[in-house]
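Shown next, in C-alpha cells, is the structure this report addresses.
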Amino acid sequence: MPSPPQDPDTLEDLSAAYDRLRNEIGKVIVGQEDIVEKVVVCLMARGHTLLIGVPGLAKTLLVRTLAQALDLDFSRIQFTPDLMPSDITGTEIIQETADGTRHFEFAAGPLFANIVLADEINRTPPKTQAALLEAMQEQHVTAAGDTHALDSPFFVLATQNPIEQEGTYPLPEAQLDRFMLNLWLDYPSFDEETEVVRSTTAGTSTEVRPVLSADDLHTYQAFVRNIPVADNVIEHAVDLVTRTRPDADAAPDFVQDYLSYGAGPRASQYLVLGAKTLAALQGRMTPVEEDIRRMAVPVLRHRIVPSFNAEADNVSSVDLIERLLTEK
C-alpha cells in the first residue's frame with residue numbers, strides 16, 4: 001500500500017525543530033553530535049536506545065537535557081540487584097476512603113513517564129529486565145490482572161557500563177534485539193574536555209528551554225513513518241542484513257568464518273526507519289542508500305554474534321559491519 005502524500009511544510013518544520021533541539025542540547029552537552037543525532041533519530045522513529053559508555057561521559061545529563069528541551073516528563077531508574085518488577089511498573093495498594101471503606105488502587109511506578117532513563121540495566125536480575133522490555137514492546141504494564149497504558153510518547157534509553165562486569169546480568173540477544181539502536185559514547189577530544197571543565201566549574205548554570213511539545217513529537221513521528229522509500233533503498237537494507245547471516249548464500253567468506261549468528265528482519269526494518277528519519281531531519285523527503293549505511297553500525301552492532309574465531313583474531317562486530325559496507 002503506497003504511503004499517503006506528505007506535506008512539505010511539515011518536513012520543513014521538522015528540520016527546523018531538529019536544529020532548535022540540537023542548539024538547546026548543545027548548551028549543556030559539549031560535542032557528541034553523532035550521539036545526539038542518533039538519539040533523536042531513535043526518538044522520532046518510536047524506537048528505544050541502548051547507550052554504552054564508561055562513567056562520567058554525561059549519559060544521564062544527555063537524557064535529562066533532551067527531556068527538558070522536549071518539555072516531556074523524565075524519570076530515572078537506577079537498576080540494582082534487589083530491584084523488583086513492581087518497583088518499576090507500579091503496584092496495587094490499599095486505600096481507605098472517608099467513610100471507612102477500603103479498596104485497591106494502582107500506584108504507578110517510574111515507568112510512567114515520557115522519557116525513561118534505565119541506568120545500568122545490566123545490574124538488575126532478568127525478571128526486572130524482562131518487565132522493562134515488555135513495557136517497551138507493549139506500551140503498557142499489567143498489575144493485579146489490570147492493564148495500564150503507559151504515557152505517550154514513550155522512549156526508553158538504557159545505559160550500560162562496559163567495565164566492571166562482575167556480578168552483572170548481561171541482556172541476552174533476544175532482548176537486545178528490542179532496542180532499535182546501540183550507541184557507544186567515546187571519550188571527548190582534548191578541546192571538548194577542556195570546554196566541559198571550563199563550563200562545569202564556573203559556578204554558572206544553563207537554562208534549557210522547551211522547543212518541542214508532546215503534540216509536536218506525535219506529529220513528527222507519524223510523518224516519519226509515512227515517508228516514501230524507493231525500492232532500491234529497501235533492497236540495499238535487506239541485502240546488507242542478509243549478508244550478515246553465515247548460512248545465507250550471499251554471505252561473504254569472512255562472515256561465515258567470523259559470525260555465529262546474523263541479524264534478523266527487525267534489523268532491516270530499523271535500518272529503513274532510521275534512514276527515513278535521517279532524511280527528514282535533514283529536510284529531505286526520501287532517504288538514499290547512504291542513509292542506510294550511516295545507520296548500519298548502531299542498528300547491527302548488537303544484532304550480530306561474533307564467533308570464537310573472531311574473538312581469537314580480535315575482530316569486533318563493528319569491524320565486521322564496516323567490512324560488509326566496503327565489500328559487495
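Every number in this text was worked out from the coordinates using simple rules, so none of it is lab data. Values in this document were obtained by computation on a predicted structure and should not be read as measured data. As a convention, Cβ positions derive from the backbone with ideal geometry for all residues, glycine included, and neighbour counts pool all protein chains shown.
Annotations
- In region 298-315, the residues that are under 20 Å from Gly47 (Cβ atoms), out of contact with any strand residue (DSSP E or B) (no Cβ under 8 Å at 6 or more places or on another chain) and in a loop (DSSP other than H, G, I, E, B): Arg303
- Leu281 being under 26 Å from Arg20 (Cα atoms) and in contact with a Phe, Trp or Tyr (Cβ under 7 Å, 6 or more places away or on another chain): yes
- Hits in region 316-328 - residues which are closer than 23 Å to Leu185 by Cβ, among the polar types (S, T, N, Q) and either in contact (Cβ under 8 Å) with a residue 24 or more places away in the chain or assigned to a helix (DSSP H, G or I) (or both): Ser317
- Test: residue in region 220-239 that is in contact (Cβ under 8 Å) with a residue 60 or more places away in the chain, of a type outside the set (Val, Ile, Thr) and touching a strand residue (DSSP E or B) at 6+ places or on another chain (Cβ under 6 Å): no
- Residues of region 285-315 that turn out to be free of Cβ contacts under 8 Å to residues at least 12 places away in the same chain and under 21 Å from Arg225 (Cα atoms), as a count: 1
- The set of residues from region 58-116 being among the small types (Gly, Ala, Ser), more than 22 Å from the chain's Cα centre (by Cα) and surrounded by 18 or more Cβ atoms within 10 Å (Cβ to Cβ) comprises just one member, Gly90.
- From the list Ala267, Ala251, Ala263, the lone residue that is surrounded by 15 or more Cβ atoms within 10 Å (Cβ to Cβ), without any contact (Cβ under 8 Å) to a residue 12 or more places away in the chain and in contact with a Lys or Arg (Cβ under 8 Å, 6 or more places away or on another chain) is Ala251.
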